[in-house]
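The values are calculated or read from the model by the stated rules, or taken from the named source; none is laboratory data. Values in this document were obtained by computation on a predicted structure and should not be read as measured data. With ideal geometry, Cβ positions are generated from the backbone for all residues, glycine too; neighbour counts draw on all protein chains shown. Accessible surface is based on the protein model in full, side chains and every heavy atom, while ligands, DNA and RNA are left aside. Shrake-Rupley method; radii C 1.70, N 1.55, O 1.52, S 1.80 Å.
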Amino acid sequence: MSRHAESAHHSTGRPDQEEGKDREDGRTAVTVFVALGANLVIALAKLLGGLFAGSPALLSEAAHSVADSLNEIFLLASLKRSTRAPDSKHPFGYGKERYFWSLLAAVGIFVMGGCFSVFQGIEALRSGSSESHTGYVVGLVVLAVALVAEGSSLVRALLQVAGQARQTGRSIREAIRSADDPALRTVLAEDSTACFGVVLAMAGLGLHMITGDVRWEAWASVLIGALLVFVAYQLAKESRGQIIGEAADPALRRALVTFLAEQPEIDTVATLLSMRMGTRSTLVAARVDLVGGLDSEEVEEVLVRLKRTIREKWPLADQVFLDVTDASSGDRERARQERRRLDRAVDGEPGQDGGPGQDSEFGPGQDSGFGPDGAAREG
């Protein structure tokens, strides 16, 4: 391969795009640190209050906060480790570290939060314990403080999402659904679940105090556990799909196919495969049938130019491989069918790849961060 081809292979996109990613990672790290500090303080307060009051709901919330604290450490590790440069052992980089550590965080929520909360609720139903008036008051005060702290952490995460929404011209709801950073998505899920769990615990503790029936508090603990199990399942499902390897968003795939098909040197785009390698990297591999009459030097120049242009137009597609092939009639028909599927997916017809009826790499109905032509949006 020529020096031009080699240099094009190592190009990773525009520097301003990389700097923007670094700034966003920095904001995510601050958000995670805020959540970690809040959870450590809250976990200690809930544990002491739960032991003093003998409250199963409060102890369940303490387990929830301990799980969240451990998960924040996992997320900080993912932010640090996922940005390491490629090496001989991992030539495509370490971008998928984020998905691995997010999966561990989901397991932590399931085991330390969900299962322990359900266990505490069942134990309370079996024991039929009661609390003193002072215990009720202490428990409610601790939960009120926890709600304020958890709410502050949630507001911080929402402010970051709101900033991303302004940059991409989307609503906050769309930005939340399309958040492709597993660290930010996990913090959002944890904090929103924590706030709702604290409200459930306060309701259970308050009803226990009014009625004297521990079942209110016990069932609040079970509901908190069930909620945590559901959230853990959803987060694990997202991480599992990304670790296994998901295709790029249909909007980006269609834009790449369109770009290649429009080149005068290309007769047919027989196949285009893609896989997200992390939040900063996407692998793109295409089999193309070139027009006749090109000599070997011209073929090399065309491939180098196309790779370089793709990386410049779509910096996320930093690993580009083009294979010259002789497309058969079957290849051409499959290519037409795939293009129709992409068109239906991008145009939002239900039940298609990435459409409202099926999950895409960014989740159901989520936006890829690309404009209608597939070009990266500003910001």
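Can you spot a residue in the stretch 309-318 that is closer than 30 Å to Val111 by Cα, acidic (Asp, Glu) and either open to solvent by 10 Å² or more (accessible area, probe 1.4 Å) or touching a residue at least 24 places away in the same chain (Cβ under 8 Å) (or both)? No: zero hits. Once the stretch 165-196 is narrowed to residues that are touching an Asp or Glu at 6+ places or on another chain (Cβ under 6 Å) and among the small types (Gly, Ala, Ser), the residue that is modelled with the highest pLDDT is Ala194. The residues of the stretch 47-61 that are touching a Gly at 6+ places or on another chain (Cβ under 8 Å) and surrounded by fewer than 21 Cβ atoms within 10 Å (Cβ to Cβ), listed by number, are Phe52, Gly54.
Pick out the one residue from Leu223, Leu260, Leu207 that is closer than 30 Å to Val291 by Cα and modelled with pLDDT of 85 or more. Give the steps one after another, and end with the answer.
Values: Leu223 fails: closer than 30 Å to Val291 by Cα; Leu207 fails: closer than 30 Å to Val291 by Cα.
Residue meeting the stated conditions: Leu260.
Restricting the stretch 276-296 to residues that are open to solvent by 60 Å² or more (accessible area, probe 1.4 Å) and touching a strand residue (DSSP E or B) at 6+ places or on another chain (Cβ under 9 Å), the residue that is farthest from Glu97 (Cα to Cα) is Gly292. Scanning the stretch 231-244 for residues that are of a type in the set (A, V, I, L, M, F, W, C) and touching a residue at least 12 places away in the same chain (Cβ under 8 Å) returns Val231, Ala232, Leu235, Ala236, Ile243.
Could you tell me whether Val299 is under 25 Å from Arg332 (Cβ atoms), more than 26 Å from the chain's Cα centre (by Cα) and surrounded by fewer than 19 Cβ atoms within 10 Å (Cβ to Cβ)?
On the way: under 25 Å from Arg332 (Cβ atoms): yes; more than 26 Å from the chain's Cα centre (by Cα): yes; surrounded by fewer than 19 Cβ atoms within 10 Å (Cβ to Cβ): yes.
Considered against the rule, which asks whether it is under 25 Å from Arg332 (Cβ atoms), more than 26 Å from the chain's Cα centre (by Cα) and surrounded by fewer than 19 Cβ atoms within 10 Å (Cβ to Cβ), Val299 comes out as yes.
Regarding Thr186, is this residue under 30 Å from Pro315 (Cβ atoms) and open to solvent by less than 10 Å² (accessible area, probe 1.4 Å)? It is true that Thr186 is under 30 Å from Pro315 (Cβ atoms) and open to solvent by less than 10 Å² (accessible area, probe 1.4 Å). Considering the conditions (1) out of contact with any strand residue (DSSP E or B) (no Cβ under 9 Å at 6 or more places or on another chain); (2) outside any helix (DSSP H, G or I); (3) of a type in the set (D, E, K, R), Arg240 is excluded by exactly one of them, (2).
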